[in-house]
Amino acid sequence: MDYFNDALNLANLFPVSDPVEPVRAPELINAEWWERCDFALTLYENVTETIEDGKVTSVEIKVYDGSPDDPVADFTVTT
């Protein structure tokens with residue numbers, strides 16, 4: 001039924017296809033028989049994982065011409 005399917009979808013739960021049929025199991029309570037039905041359903045959960053790796057956001061570039069203390073060019077490249 002759509003109502004139950006929608007309620008399960010909101011919880012990211014989805015039934016495995018072809019469930020076992022319900023089993024009639026009448027129950028005697030206080031000397032009176034009550035209709036009861038046992039039903040088992042296997043569900044799987046939809047899980048989405050997002051993995052974020054570290055990334056370089058900027059690189060500093062220095063260009064030297066002979067002297068290690070005096071760069072010819074110094075700039076930063078950003079993404």
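Table for the structure above
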item	result
Condition broken by Glu45, with the remaining ones in (1) loosely packed, with under 10 Cβ neighbours inside 10 Å; (2) modelled with pLDDT under 90 satisfied	(2)
Residues that are without any contact (Cβ under 8 Å) to a residue 12 or more places away in the chain and surrounded by 10 or more Cβ atoms within 10 Å (Cβ to Cβ), drawn from the range 55-79	Tyr64, Pro71, Val72
Hits in the range 7-25 (condition: at pLDDT 90 or above and out of contact with any Phe, Trp or Tyr (no Cβ under 9 Å at 6 or more places or on another chain))	Ala7, Asn9, Leu10, Ala11, Asn12, Arg24, Ala25
Subset of the range 43-62 (residues that are closer than 27 Å to Ala11 by Cα and out of contact with any strand residue (DSSP E or B) (no Cβ under 7 Å at 6 or more places or on another chain))	Val47, Thr48, Glu49, Thr50, Ile51, Glu52
Selected residue [hydrophobic (A, V, I, L, M, F, W, C) and part of a loop (DSSP other than H, G, I, E, B)] from Ala73, Ala40	Ala40
Residue that is nearest to the chain's Cα centre (by Cα) [pool: residues in the range 9-31 that are closer than 12 Å to Thr42 by Cα and among the hydrophobic types (A, V, I, L, M, F, W, C)]	Leu13
The range 17-36, subset of a type outside the set (Gly, Ala, Ser), surrounded by fewer than 10 Cβ atoms within 10 Å (Cβ to Cβ) and out of contact with any Asp or Glu (no Cβ under 9 Å at 6 or more places or on another chain), residue nearest to Asn5 (Cα to Cα)	Asp18
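The values are calculated or read from the model by the stated rules, or taken from the named source; none is laboratory data. This one's a predicted model, so the numbers in the text were calculated from it and none came from an experiment. Cβ coordinates were reconstructed from backbone atoms using ideal geometry, including for glycine residues, and neighbour counts include every protein chain displayed.
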